[in-house]
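Accompanying notes for the structure given below.
The values are calculated or read from the model by the stated rules, or taken from the named source; none is laboratory data. Since this is a predicted model, take the numbers as computed values, not measurements. Don't worry about glycine lacking a Cβ; one is built from the backbone with ideal geometry, like all the others, and counts go over all protein chains shown.
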Amino acid sequence: MKIDMKEFTGPCKCGKNHSLAVEEVYLEEEALQKIPEILKKERYAAYHNFVMICDENTYQAAGKEVEQKIEGIQKIQLDSRHLHADETGVAKVKEFLHPIENADCLIAVGSGTIHDLTRYHAYERGIPFISIPTAASVDGYVSTVAAMSWYGFKKSMIAVSPILVIADSRVIAHAPMRLTASGVGDLLGKYTALADWKITNILNGEYICDRICNMEYEALSNLRNSLDGLRNGDIKAYEELMYGLLLSGLAMQMTGHSRPASGAEHHLAHFWEMAVMNDELDAYHGEKVGVGLILVSEIYHDAEKYLKSGNFTLKERVEIETNLIEKVFENKELCENIKKTNTPNLLDTIDPVILKEKTQEIRQIIKEIPTSEELKEMLRKVQGVSSLKDIGLDASMKEKSAKSAPYIRDRLTYLRMLKFYNFYDKVIK
């Protein structure tokens, strides 16, 4: 399928005039065969000196074919071992890219890490890049930011979206199932991300777009119907998953931020990636998001039971837990960054009176989230991980993470708002 960008742009009932940086998206079987034809278009005529960034695995999966299709393309092949989207990965790419002075377009052939490193350098050089995904593993292919671990601090670095995406579903369907399961976890995470967005909207009036929410829910519904197909290698099922992941990235472009795609589940994943209370984890980003999603779903549904009973009280104000931040984030520079991130206190935008008044609406939003058991079953269908133990963490990390993770971003989630309730300590354990 060729995704029509006009479907996502233009004036909207939400009040925004949505726009996209990506110009074209091709998602179909044998899409790589179309590269010469696509690049002949007038909009790409200015680009002559392409540089492909890949690793040894993604070169075999798609890079070799890309190399054959684009005459004169130069290749930067990275070692996949210990390759991360961090300051070390950036330095490795810079070392190879620096002597290539005439590069006018980069091509990312790979999954999340390769794309984040490529978009970072495309931004630094002031040139565009083309995305060629090799797995349906993350939702960041068309992101306008690079998700980086920067000297221990998880940051969204200003970068650029690709101008073109060529996603060959034949290649994507042959990716390791673990990468596919990571993509499923990342996409399922939209259940709690959307819930956090909707709850914040009804409490403090934060901007929201119903059109985007409905697009995301439709993608989630299609994903659930495709899980058996993914397990059986059905190309169309892989296209549905990839479409959902790309749609999530387009939704972020439409809003200008990651709110439609990232909530409490991502805060947990990013917290673990910062490794301030745990060792480095041998787990993909989507795997961590999936586990975070399951924990958040469990916490929210437990909270809903208390909301239903009506037997709860609310604090008049929730202060920033400075002592907790200083204890958890021991690195002085990192600790100061976290404190700045939480100034001013986002919970000051929540009126406990309104929080109490909106109880029934909050309950209905939580009910839209599948239960933790339902989510575990979905992930099992694609051999995905579903517990803290599966990603190398102790069960005690649930409570520790739930308390600390909301502080790593200047974004409200219901996980953070739960600090208002007298039942907070019971639902996060």
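You will find that of 319, 330, the residue that is part of a loop (DSSP other than H, G, I, E, B) and without any contact (Cβ under 8 Å) to a residue 40 or more places away in the chain is 319 and no other. Selection of segment 118-137 for residues being in a loop (DSSP other than H, G, I, E, B) and under 26 Å from residue 169 (Cα atoms) yields 128, 134, 135, 136, 137. In this entry, residue 25 passes the filter for residues that are closer than 20 Å to residue 242 by Cβ, touching a strand residue (DSSP E or B) at 6+ places or on another chain (Cβ under 9 Å) and modelled with pLDDT of 95 or more.
Counting only residues that are closer than 22 Å to residue 275 by Cα, touching a Phe, Trp or Tyr at 6+ places or on another chain (Cβ under 9 Å) and part of a loop (DSSP other than H, G, I, E, B), segment 138-175 holds 1 of them.
Pairs, please: C-beta under 7 Å, at least 6 apart or cross-chain, first residue without any contact (Cβ under 8 Å) to a residue 60 or more places away in the chain and closer than 17 Å to residue 264 by Cβ and in segment 301-312, second outside any loop (DSSP other than H, G, I, E, B) and not hydrophobic (A, V, I, L, M, F, W, C)? Pairs found: 307/359; 307/363. Taken over segment 1-21, the residue count meeting the criterion of being in a loop (DSSP other than H, G, I, E, B) and among the aliphatic types (A, V, I, L, M) is 3.
In the condition set (1) under 18 Å from residue 402 (Cα atoms); (2) touching a residue at least 60 places away in the same chain (Cβ under 8 Å), residue 345 is compliant with all but (2). Search segment 351-403 for residues being in a loop (DSSP other than H, G, I, E, B) and either of a type in the set (Gly, Ala, Ser) or modelled with pLDDT under 95 (or both), and hand back the single one that is farthest from residue 427 (Cα to Cα). Checked segment 351-403; the qualifying residue farthest from residue 427 (Cα to Cα) is 384. Here residue 178 meets the list (1) part of a strand (DSSP E or B); (2) within 18 Å of the chain's Cα centre (by Cα) almost entirely, failing just condition (1). Selection within segment 326-352: residues that are among the β-branched types (Val, Ile, Thr) and either over 16 Å from residue 415 (Cα atoms) or outside the structural domain of residue 411 (by TED's automatic domain parsing) (or both). The member of this set that is surrounded by the fewest Cβ atoms within 10 Å (Cβ to Cβ) is 343.
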